[in-house]
1. Name the single residue, out of those in the stretch 64-80 being closer than 15 Å to D33 by Cβ and of a type outside the set (G, A, S), that is least open to solvent (accessible area, probe 1.4 Å).
2. Would you mind stating whether C102 is more than 17 Å from F38 (Cβ to Cβ) and in contact (Cβ under 8 Å) with a residue 12 or more places away in the chain?
3. Any idea which of (1) out of contact with any helix residue (DSSP H, G or I) (no Cβ under 9 Å at 6 or more places or on another chain); (2) under 14 Å from S30 (Cα atoms); (3) modelled with pLDDT of 95 or more is the one Y111 doesn't satisfy?
4. State whether one or more residues within the stretch 59-68 are free of Cβ contacts under 8 Å to residues at least 24 places away in the same chain and either part of a loop (DSSP other than H, G, I, E, B) or of a type in the set (A, V, I, L, M) (or both).
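The values are calculated or read from the model by the stated rules, or taken from the named source; none is laboratory data. Just so it is clear, the structure is predicted and the values come from calculations on it, not from any experiment. Cβ atoms come from the backbone with ideal geometry, glycine included; neighbour counts cover every protein chain shown. Areas reflect the complete protein model, heavy atoms only, side chains present, ligands, DNA and RNA absent. Shrake-Rupley method; radii C 1.70, N 1.55, O 1.52, S 1.80 Å.
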Amino acid sequence: RTKLDWGDYTGLTRIGEVTHSCPVRFERKSAGDLYGSFTSGYKRLRKRIDQAKAEKGALYLIVEDSLTKIASGIEYSTADPRALLRRIFTVWMRHDVVPVFCVWPYEAGCYVKLFYEAWGKNLNPNWP
(Lines give C-alpha, C1' and ligand atoms only; values in the text may rest on other atoms or scores of the structure.)
Protein backbone atom coordinates (compact mmCIF):
# COMPACT_ATOMS: atom_id res chain seq x y z
CA ARG A 1 0.00 0.00 0.00
CA THR A 2 1.09 3.51 -0.80
CA LYS A 3 -0.21 6.89 0.31
CA LEU A 4 -1.71 8.74 -2.63
CA ASP A 5 -1.46 12.52 -3.04
CA TRP A 6 -5.05 12.58 -4.23
CA GLY A 7 -7.83 10.02 -4.28
CA ASP A 8 -8.27 6.98 -2.05
CA TYR A 9 -7.87 4.13 -4.58
CA THR A 10 -5.85 3.54 -7.72
CA GLY A 11 -5.19 0.54 -9.93
CA LEU A 12 -1.81 -0.85 -10.97
CA THR A 13 -0.83 -3.41 -13.56
CA ARG A 14 2.52 -4.74 -14.60
CA ILE A 15 3.46 -5.39 -18.22
CA GLY A 16 6.88 -6.93 -18.44
CA GLU A 17 9.15 -4.88 -16.18
CA VAL A 18 6.95 -1.76 -16.25
CA THR A 19 4.25 -0.99 -13.70
CA HIS A 20 1.41 1.18 -14.98
CA SER A 21 -0.85 3.26 -12.75
CA CYS A 22 -4.43 3.92 -13.82
CA PRO A 23 -5.07 7.63 -14.44
CA VAL A 24 -8.48 7.28 -12.75
CA ARG A 25 -8.57 7.41 -8.98
CA PHE A 26 -11.53 6.97 -6.70
CA GLU A 27 -12.31 9.15 -3.71
CA ARG A 28 -14.59 7.26 -1.30
CA LYS A 29 -17.44 9.24 0.27
CA SER A 30 -20.16 8.38 2.76
CA ALA A 31 -23.27 10.58 2.64
CA GLY A 32 -21.86 12.76 5.42
CA ASP A 33 -18.46 13.03 3.71
CA LEU A 34 -20.13 13.99 0.45
CA TYR A 35 -22.16 16.74 2.07
CA GLY A 36 -19.06 18.03 3.85
CA SER A 37 -16.94 17.95 0.69
CA PHE A 38 -19.43 20.04 -1.25
CA THR A 39 -20.12 22.54 1.53
CA SER A 40 -17.53 23.48 4.18
CA GLY A 41 -14.84 21.17 2.75
CA TYR A 42 -15.07 22.31 -0.86
CA LYS A 43 -11.65 24.01 -0.81
CA ARG A 44 -10.02 20.70 0.09
CA LEU A 45 -11.95 18.83 -2.60
CA ARG A 46 -11.03 21.49 -5.15
CA LYS A 47 -7.37 21.05 -4.25
CA ARG A 48 -7.67 17.33 -5.05
CA ILE A 49 -9.45 18.12 -8.32
CA ASP A 50 -6.60 20.46 -9.27
CA GLN A 51 -4.00 17.82 -8.33
CA ALA A 52 -5.76 15.30 -10.57
CA LYS A 53 -5.79 17.74 -13.47
CA ALA A 54 -2.11 18.62 -12.97
CA GLU A 55 -1.24 14.91 -13.23
CA LYS A 56 -3.54 14.43 -16.25
CA GLY A 57 -5.66 12.11 -14.13
CA ALA A 58 -9.34 11.75 -13.42
CA LEU A 59 -11.14 11.73 -10.10
CA TYR A 60 -14.27 9.67 -9.52
CA LEU A 61 -16.33 10.05 -6.36
CA ILE A 62 -17.53 6.64 -5.20
CA VAL A 63 -20.47 7.45 -2.95
CA GLU A 64 -21.43 4.75 -0.48
CA ASP A 65 -25.10 5.75 -0.55
CA SER A 66 -27.78 5.90 -3.19
CA LEU A 67 -28.73 9.00 -5.12
CA THR A 68 -32.16 8.69 -3.48
CA LYS A 69 -30.64 8.87 0.00
CA ILE A 70 -28.45 11.84 -0.91
CA ALA A 71 -31.49 13.60 -2.41
CA SER A 72 -33.45 13.13 0.81
CA GLY A 73 -30.86 14.95 2.91
CA ILE A 74 -28.89 13.81 5.90
CA GLU A 75 -29.18 14.31 9.62
CA TYR A 76 -27.14 17.18 11.10
CA SER A 77 -26.83 19.04 7.80
CA THR A 78 -28.74 22.17 6.90
CA ALA A 79 -27.58 21.98 3.28
CA ASP A 80 -30.37 21.84 0.71
CA PRO A 81 -30.07 18.39 -0.92
CA ARG A 82 -31.22 19.64 -4.34
CA ALA A 83 -28.65 22.44 -4.32
CA LEU A 84 -25.97 19.97 -3.24
CA LEU A 85 -26.83 17.58 -6.08
CA ARG A 86 -26.82 20.43 -8.58
CA ARG A 87 -23.35 21.36 -7.37
CA ILE A 88 -22.13 17.74 -7.62
CA PHE A 89 -23.34 17.45 -11.21
CA THR A 90 -21.99 20.90 -12.13
CA VAL A 91 -18.55 19.88 -10.82
CA TRP A 92 -18.83 16.74 -12.94
CA MET A 93 -19.51 18.76 -16.09
CA ARG A 94 -16.88 21.44 -15.37
CA HIS A 95 -14.09 19.31 -13.95
CA ASP A 96 -14.79 15.70 -15.04
CA VAL A 97 -15.28 14.56 -11.43
CA VAL A 98 -17.62 11.63 -12.00
CA PRO A 99 -20.00 10.77 -9.15
CA VAL A 100 -20.87 7.08 -8.78
CA PHE A 101 -23.75 6.44 -6.36
CA CYS A 102 -23.94 2.98 -4.78
CA VAL A 103 -26.55 1.57 -2.43
CA TRP A 104 -24.08 -0.04 0.02
CA PRO A 105 -20.36 0.28 0.82
CA TYR A 106 -19.92 -3.31 -0.43
CA GLU A 107 -21.38 -2.31 -3.80
CA ALA A 108 -18.94 0.61 -3.95
CA GLY A 109 -16.04 -1.76 -3.32
CA CYS A 110 -17.26 -4.10 -6.07
CA TYR A 111 -17.55 -1.17 -8.50
CA VAL A 112 -13.96 -0.05 -7.81
CA LYS A 113 -12.60 -3.59 -8.12
CA LEU A 114 -14.44 -4.28 -11.39
CA PHE A 115 -13.39 -0.90 -12.81
CA TYR A 116 -9.71 -1.56 -12.22
CA GLU A 117 -9.94 -5.16 -13.44
CA ALA A 118 -11.47 -3.91 -16.71
CA TRP A 119 -8.79 -1.21 -17.02
CA GLY A 120 -6.01 -3.74 -16.43
CA LYS A 121 -7.45 -6.20 -18.91
CA ASN A 122 -7.84 -3.48 -21.54
CA LEU A 123 -4.26 -2.30 -21.03
CA ASN A 124 -2.74 -5.77 -20.73
CA PRO A 125 -4.24 -8.55 -22.85
CA ASN A 126 -2.34 -11.10 -20.70
CA TRP A 127 -4.22 -9.98 -17.56
CA PRO A 128 -5.01 -13.07 -15.47
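1. Looking at residues that are closer than 15 Å to D33 by Cβ and of a type outside the set (G, A, S), I get I70.
2. Against the criterion (more than 17 Å from F38 (Cβ to Cβ) and in contact (Cβ under 8 Å) with a residue 12 or more places away in the chain), C102 qualifies.
3. In the conditions (1) out of contact with any helix residue (DSSP H, G or I) (no Cβ under 9 Å at 6 or more places or on another chain); (2) under 14 Å from S30 (Cα atoms); (3) modelled with pLDDT of 95 or more, Y111 misses (2) alone.
4. no
Here's the yes/no breakdown for (1) over 21 Å from Y111 (Cβ atoms); (2) of a type in the set (A, V, I, L, M); (3) without any contact (Cβ under 8 Å) to a residue 12 or more places away in the chain; (4) assigned to a helix (DSSP H, G or I):
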site: K3; (1), (2), (3), (4): yes, no, yes, no
site: T39; (1), (2), (3), (4): yes, no, no, no
site: K43; (1), (2), (3), (4): yes, no, yes, yes
site: I49; (1), (2), (3), (4): no, yes, no, yes
site: R82; (1), (2), (3), (4): yes, no, yes, yes
